[in-house]
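Down below is the structure, laid out as C-alpha cells.
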Amino acid sequence: MLKLLTIIGARPQIIKAAALSRAIKNNYSDKIHEVIVHTGQHYDENMSQVFFDELDIPHPDYNLNSGSGAHGKQTASMIVGIEDILIKEKPNCIVLYGDTNSTLAGAIAASKIQVPVIHIEAGLRSFNKAMPEEINRIMCDHVSTLLFSPTKSGYDNLLKEGFKENNLPPYTFDNPKIFHCGDVMYDNSLYFSKIAEQKTNILKEYNLENVPFILATIHRNNNTDEPIRLNALFSAINKIAKENKIKIIIPLHPRTAKLLSQNLSAELYNIIQTNEYIKITPPVSFLEMIALEKNSSLVITDSGGVQKEAFFFQKTCIILRSETEWVELVNCGSAKIVDADESKIMKAYSDFSITKKLKYPNLFGDGKAAEFICDAILKYIK
C-alpha cells in the first residue's frame with residue numbers, strides 16, 4: 001500500500017485536503033494510506049479545528065504547533081518537525097498544497113532527503129515576488145516530482161519555466177511530470193454546496209434570506225497593515241453600502257479585526273461601526289462561507305480562494321489586489337482588479353451593476369480533480 005504524507009497548516013489547505021482525503025476514503029482506501037501532519041501555522045480553534053469537524057476530515061496524526069512568527073523562524077521550526085516525521089514514517093511521497101510557509105517547509109524537508117514531492121496548485125503565478133506566497137510556490141514547484149496545475153495558464157507557466165510536457169517516466173525532481181487536472185476546490189464546492197444549505201443558518205442569523213447582499217473579505221497584510229490602503233478599502237465599502245442601500249457582510253480575520261480601530265481614521269471607524277448596512281462578523285466556517293458566496297449578489301475580496309469560489313457560484317468579484325494568480329477570471333470578465341483604489345472599487349461596482357449576464361466557462365475541471373491526482377500518484381510514485 002502506498003503511504004502518502006499530507007502537510008497542512010493554513011485554513012485553505014485544510015479545506016483543500018478534504019477533497020483528497022474524501023477521494024482516498026471513498027475510492028482508494030485499499031491502495032493509499034494517508035498520514036496527515038498539521039504544522040500549526042494557523043492555530044486558532046475557530047479558524048482551524050472547526051474545519052476538521054465540519055468537513056469530516058481525518059484528524060491529524062501529528063501537530064507541530066509551530067504557531068505564528070517571523071517567516072524564517074516559523075519555516076525553520078516546521079522543517080525540523082517535518083523532517084523528523086518523514087524519517088520516522090518513511091512515506092512514498094509528500095503532498096503539499098498551495099503557497100504557504102507550510103508548503104515551503106514541506107518542500108525543503110522532503111527534497112533534502114529525496115522524498116518525492118507532490119504539489120497541488122502548481123504553476124500559479126502572480127509575477128510579484130514581493131509576495132511571500134510567490135516565493136513559496138516557485139520554490140516548491142522546482143523541487144517537485146509531480147505537479148498538478150488547476151488551470152491551463154498555470155500549466156503554461158510551468159512550460160515557460162522549463163518543465164517538459166511529454167517527458168517519459170520514471171519521474172523524479174530532476175525529471176518532473178506536470179499535469180493540468182482541474183481544481184480540488186471546485187470538487188469541494190460542488191460537494192459541500194448542498195450540505196451548506198442543510199447545515200447552516202447564517203443567512204437567517206444575519207437577516208440575509210431573500211435579500212441582495214455583498215460578501216466582503218479582507219485579510220492580506222498589505223491591506224490590513226497599511227493605514228492608507230485599509231482606509232481606502234473601507235471608505236469604498238461604506239459608500240457602496242450607504243449609496244446603494246445594500247447590505248455588506250464582512251467576516252473578519254482576527255488580525256484585521258484588531259487592526260481596524262488602530263489603522264482606520266477615528267471618523268471612518270465610527271462611520272463603519274454605525275452604518276446600518278454593514279455587518280462585521282467573527283470568522284465563519286467553511287460551510288457558512290459557501291452559503292454566503294452562493295447567495296450573495298457580488299463578492300469583494302483580497303483572497304485568492306474566495307475569488308475562485310465566487311466564480312464557481314457564478315458571482316462577479318472585485319479583487320482588492322494589484323494582481324491575481326487567477327487571471328482567467330479577469331479575462332472572462334467576471335472579476336476586476338482594483339487594488340486598494342477607492343475610485344476603481346466604486347467604478348467596478350458600478351460596472352457590474354449594469355453588466356448583462358456574464359458567461360462562466362468551465363475553467364476548473366469536472367469536479368473530479370482529486371480522483372485524477374490519486375490515479376496519477378498510484379501510477380507514477382513507487
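The values are calculated or read from the model by the stated rules, or taken from the named source; none is laboratory data. Values in this document were obtained by computation on a predicted structure and should not be read as measured data. Cβ atoms come from the backbone with ideal geometry, glycine included; neighbour counts cover every protein chain shown.
Data for the structure
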item	result
Residue within the stretch 89-103 that is without any contact (Cβ under 8 Å) to a residue 24 or more places away in the chain, part of a loop (DSSP other than H, G, I, E, B) and surrounded by fewer than 13 Cβ atoms within 10 Å (Cβ to Cβ) present	no
Subset of the stretch 104-116 [surrounded by fewer than 21 Cβ atoms within 10 Å (Cβ to Cβ) and under 23 Å from the mean Cα position of the chain (by Cα)]	Ile108
Flag for Leu378 being surrounded by fewer than 17 Cβ atoms within 10 Å (Cβ to Cβ), in contact (Cβ under 8 Å) with a residue 24 or more places away in the chain and among the hydrophobic types (A, V, I, L, M, F, W, C)	yes
Residue that is surrounded by the most Cβ atoms within 10 Å (Cβ to Cβ), among those in the stretch 215-230 that are within 15 Å of the chain's Cα centre (by Cα) and at pLDDT below 95	Arg220
Qualifying residue in the stretch 66-76 (condition: at pLDDT below 95, buried (at least 19 other Cβ atoms within 10 Å of the Cβ) and part of a loop (DSSP other than H, G, I, E, B))	yes
Residues being buried (at least 22 other Cβ atoms within 10 Å of the Cβ), in a loop (DSSP other than H, G, I, E, B) and hydrophobic (A, V, I, L, M, F, W, C) - total across the stretch 124-173	1
Conditions (1) part of a helix (DSSP H, G or I); (2) surrounded by 16 or more Cβ atoms within 10 Å (Cβ to Cβ); (3) under 28 Å from the mean Cα position of the chain (by Cα): number failed by Lys258	(2)
Residues satisfying the stated conditions in the stretch 208-227, i.e. aliphatic (A, V, I, L, M) and free of Cβ contacts under 8 Å to residues at least 60 places away in the same chain	Val211
